[in-house]
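In what follows, a single structure is set out as structure tokens and then discussed.
The values are calculated or read from the model by the stated rules, or taken from the named source; none is laboratory data. Please read all numbers here as calculations on a predicted model, not as lab measurements. Heads up, the Cβs are rebuilt from the backbone with ideal geometry, glycines too, and the neighbour counts pull from every protein chain shown.
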Amino acid sequence: MDAFYASVEQRDDPAMRGKPVVVAWRGSRSVVCAASYEARKYGVRSAMPALRAERLCPDAIFVPPDFVRYRAASKRVREILLRHTDLVEPLSLDEAYLDVTHAKSGFTSATEIAKAIRAEIFEHTSLTASAGVAPNKFLAKVASDWSKPNGLFVIKPDRVADFLAPLAVSRIPGVGKVMEAKLLELRVRTCADLRDFDARELEIRFGRFGKRLRELSFGIDERAVNPDQPVQSISAEDTFERDLPLAEIEPMIRRLAAKTWSQTPKTERIGRTVVLKLKTSDFHIITRSLTPAHPPRSEPEFVDIAVSLRDRVELPPRTRYRLVGVGLGNFRDERELLPQAELFDSP
């Protein structure tokens, strides 16, 4: 989806259309959740401090995020995707992989399916989407960003090698600024450079990721589209308007724990480990976790465990904190948690 959160806001409020919209709370501690393409022209990006976004684009319209509406729009899009294939692997509210090898919709090519999906999304949600069509997940991901916004880009199997050769390594998912800098030190700027670099040295320097980089430079990605990826963890966090001592953050822990519990999947999978995350005023991150003998089964129980983890923080009382988060992880199927029956009767 194109600038998803900001696009939902512009769709629902015509006065915002064509204007720079930033989805974020105002304040010195807030960060940008999303920015419309009008705001991006000024350099505003997701995860940027809201104050910097305001400096870059003084005329931006700031809107607090409304995840209820974003989830509703995402659900509608997901329903459209599932009309065409059962193999839909969501990555987030606004992105998914589709395997259309055996599509349900009767189209003869992946490109036709992508065109149909984009048209249906716009017809039913008034939102635009961009699509990448390619032989595997890596290439489809790269292609999906190639013609944004509201675009479609196709990488045919016989064009993979030529397409990738001049591609900058920074376009490879997983290559951030730090990794890009390390590769540039080795004079590796493109996928062609990766192909020419010694495979063994890449693996020695970067481990399994070095091997993975070389495979991707040739367009090799054997990962299947998996529609049934189980939830591993959920969490919620918030940054305070001012730094606070540990003694004053219990209300925030309780609020975030309740928010996290509301996200628990309505399935037979149960989270076993409760996690408390804190960030100090000097940006040091600490976590405390507990896996109780019996997994939390209710919101009050989960909240109480999260609050109790605060007592395990052993930093000096003068320490101030800028952020707190609460998570639930280590999800297991309920049947895995049942005690096993005795194999033999007692004598």
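For the structure I just gave you, tell me whether residue 112 is free of Cβ contacts under 8 Å to residues at least 12 places away in the same chain and either of a type outside the set (A, V, I, L, M, F, W, C) or closer than 30 Å to residue 213 by Cβ (or both). Judged against the criteria, residue 112 is a match. Across the stretch 1-42, the number of residues qualifying as aliphatic (A, V, I, L, M), outside any strand (DSSP E or B) and more than 10 Å from residue 61 (Cβ to Cβ) comes to 5. The criterion of at least 2 residues that are more than 29 Å from residue 17 (Cβ to Cβ) and of a type in the set (Asp, Glu) is met, among helices (runs of 4 or more DSSP H) falling completely within the stretch 101-195, by 177-185. Annotation note: of 54, 89, the sole residue that is touching a strand residue (DSSP E or B) at 6+ places or on another chain (Cβ under 9 Å), outside any helix (DSSP H, G or I) and at pLDDT below 95 is 89.
Among the residues of the stretch 240-270, those identified as within 21 Å of the chain's Cα centre (by Cα), outside any loop (DSSP other than H, G, I, E, B) and more than 19 Å from residue 310 (Cβ to Cβ) are 262, 269.
Taking the condition of being among the acidic types (Asp, Glu) and either under 26 Å from residue 99 (Cβ atoms) or touching a Ser or Thr at 6+ places or on another chain (Cβ under 6 Å) (or both), how many residues in the stretch 195-238 meet it? Don't jump to the end; show me each part of the working.
The initial filter retains those residues of the stretch 195-238 that are among the acidic types (Asp, Glu), namely 196, 198, 201, 203, 215, 221-222, 228, 237-238.
Filter once more, keeping what is either under 26 Å from residue 99 (Cβ atoms) or touching a Ser or Thr at 6+ places or on another chain (Cβ under 6 Å) (or both): 215, 221-222, 228.
The number of residues fulfilling the criteria is 4.
Hey, does the stretch 224-241 have a residue that's β-branched (Val, Ile, Thr) and under 16 Å from residue 331 (Cα atoms)? Yes, the conditions are met somewhere in the stretch 224-241. Restricting 319, 264, 273 to residues that are surrounded by 15 or more Cβ atoms within 10 Å (Cβ to Cβ) and at pLDDT below 90 narrows the list to 264. Restricted to the stretch 115-133, and to residues there that are free of Cβ contacts under 8 Å to residues at least 24 places away in the same chain and buried (at least 19 other Cβ atoms within 10 Å of the Cβ), the residue that is nearest to residue 157 (Cα to Cα) is 133. The residue that is surrounded by the most Cβ atoms within 10 Å (Cβ to Cβ), among those in the stretch 196-234 that are in a loop (DSSP other than H, G, I, E, B), in contact with a helix residue (DSSP H, G or I) (Cβ under 9 Å, 6 or more places away or on another chain) and among the aliphatic types (A, V, I, L, M), is 225.
For the stretch 142-164, give me the residue count where each residue is surrounded by 15 or more Cβ atoms within 10 Å (Cβ to Cβ) and within 14 Å of residue 217 (Cα to Cα). Total meeting the criteria: 4.
Considering each of 47, 72 in turn, give the residue that is of a type in the set (Gly, Ala, Ser), out of contact with any helix residue (DSSP H, G or I) (no Cβ under 8 Å at 6 or more places or on another chain), in a helix (DSSP H, G or I) and surrounded by fewer than 18 Cβ atoms within 10 Å (Cβ to Cβ).
Working: 47 fails: in a helix (DSSP H, G or I).
Testing whether each residue is of a type in the set (Gly, Ala, Ser), out of contact with any helix residue (DSSP H, G or I) (no Cβ under 8 Å at 6 or more places or on another chain), in a helix (DSSP H, G or I) and surrounded by fewer than 18 Cβ atoms within 10 Å (Cβ to Cβ) leaves just 72.
Please work out if residue 251 is modelled with pLDDT of 90 or more, touching a strand residue (DSSP E or B) at 6+ places or on another chain (Cβ under 8 Å) and not hydroxyl-bearing (Ser, Thr, Tyr). Against the criterion (modelled with pLDDT of 90 or more, touching a strand residue (DSSP E or B) at 6+ places or on another chain (Cβ under 8 Å) and not hydroxyl-bearing (Ser, Thr, Tyr)), residue 251 does not qualify. For the stretch 271-300, give me each residue that is assigned to a loop (DSSP other than H, G, I, E, B), within 26 Å of residue 229 (Cβ to Cβ) and among the charged types (D, E, K, R). Answer for the stretch 271-300, where residues must be assigned to a loop (DSSP other than H, G, I, E, B), within 26 Å of residue 229 (Cβ to Cβ) and among the charged types (D, E, K, R): just 297. Selection of first residues in the stretch 215-238 that are farther than 17 Å from residue 95 by Cβ and of second residues that are of a type in the set (Val, Ile, Thr) and part of a loop (DSSP other than H, G, I, E, B), restricted to Cβ pairs under 7 Å at least 6 apart or on distinct chains, gives the following pairs, ordered by first then second residue: 216/172; 234/264.
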